Amino acid sequence: MAELATIARPYAEALFEVAGKGDLNQWAAQVDQLAAVASDEQLQQYADHPKVSAQQVFDVIVSVVKTPLSDGAKNFLRALIDNGRLVALPEIAAQFHALKNARSGVADAKVYSAFPIEQAQLAELTATLEKRFGRKLQPTVELDPELIGGVRVVVGDEVLDTSVKARLERMKVALTA
């Protein structure tokens, strides 16, 4: 959704500029929590209702967030609600993380696996992937039983697929060609 990304960019950049003066990790945690709450479909419907005030939406979100928000995070949330941009909050969070990662030289790596990966295995896999992709990676693991075995790694727009499913697909193409 390019339009949402376009709307989110200036908010993410402004937030990153303000957060850069403080603790980026604390800001990232707060933005993640706000984005998780804002992405809820029922909350979106509530916020879009014409009889619900901006203050009511703000109060609901603040009450649902698990940790107390800083004054800066509350001001940011108020600005989003007042400008009707609450729907863009998950995209703002994603762009904020991209800016944070770019500053620290880290990239997010989504690791899809058919089976759970133990911490020791994940650390070893991460070290190998960091050599392969040439940068520091922050992995998150997601289970995908359709892979049958192996892993599929997505770093930005790069994909490394060593799953059994991918191998079978390549074999199928080779045999039918």
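Brief remarks follow.
- Residue list for the stretch 1-21, restricted to those being within 14 Å of Ala102 (Cα to Cα) and among the aromatic types (Phe, Trp, Tyr): Phe16
- Condition check for Lys74: open to solvent by less than 40 Å² (accessible area, probe 1.4 Å) and in a helix (DSSP H, G or I): no
- Flag for Phe96 being within 30 Å of Pro10 (Cα to Cα) and not polar (S, T, N, Q): yes
- Residue in the stretch 111-118 that is out of contact with any His (no Cβ under 6 Å at 6 or more places or on another chain), under 24 Å from Ala94 (Cα atoms) and touching a residue at least 40 places away in the same chain (Cβ under 8 Å) present: yes
- The residues listed here are Leu89, Leu80, Leu99; of these, the one that is modelled with pLDDT under 95, among the aliphatic types (A, V, I, L, M) and either surrounded by 14 or more Cβ atoms within 10 Å (Cβ to Cβ) or part of a helix (DSSP H, G or I) (or both) is Leu99.
- Residues satisfying the stated conditions in the stretch 118-177, i.e. farther than 23 Å from His97 by Cα, open to solvent by 70 Å² or more (accessible area, probe 1.4 Å), of a type in the set (D, E, K, R) and not in a loop (DSSP other than H, G, I, E, B): Glu124, Glu146, Lys165, Arg167, Glu169, Arg170, Lys172
- The number of residues in the stretch 71-111 that are within 12 Å of the chain's Cα centre (by Cα) and polar (S, T, N, Q) comes to 2.
- When the stretch 54-66 is filtered for residues that are within 19 Å of the chain's Cα centre (by Cα) and open to solvent by 50 Å² or more (accessible area, probe 1.4 Å), only Lys66 remains.
- Taking every residue in the stretch 3-18 that is at positive phi and modelled with pLDDT under 95 and pairing it with any residue that is open to solvent by 30 Å² or more (accessible area, probe 1.4 Å) and among the acidic types (Asp, Glu), at least 6 positions away or on another chain, yields no pair with a Cβ-Cβ distance below 7 Å.
- Some residue of the stretch 37-46 being open to solvent by less than 50 Å² (accessible area, probe 1.4 Å), in contact (Cβ under 8 Å) with a residue 60 or more places away in the chain and within 17 Å of the chain's Cα centre (by Cα): no
The values are calculated or read from the model by the stated rules, or taken from the named source; none is laboratory data. Because the structure is predicted, anything quoted here is derived from the model rather than measured. Cβ coordinates were reconstructed from backbone atoms using ideal geometry, including for glycine residues, and neighbour counts include every protein chain displayed. Surface areas here come from the heavy atoms of the whole protein model, side chains and all, with no ligands, DNA or RNA. Shrake-Rupley method; radii C 1.70, N 1.55, O 1.52, S 1.80 Å.
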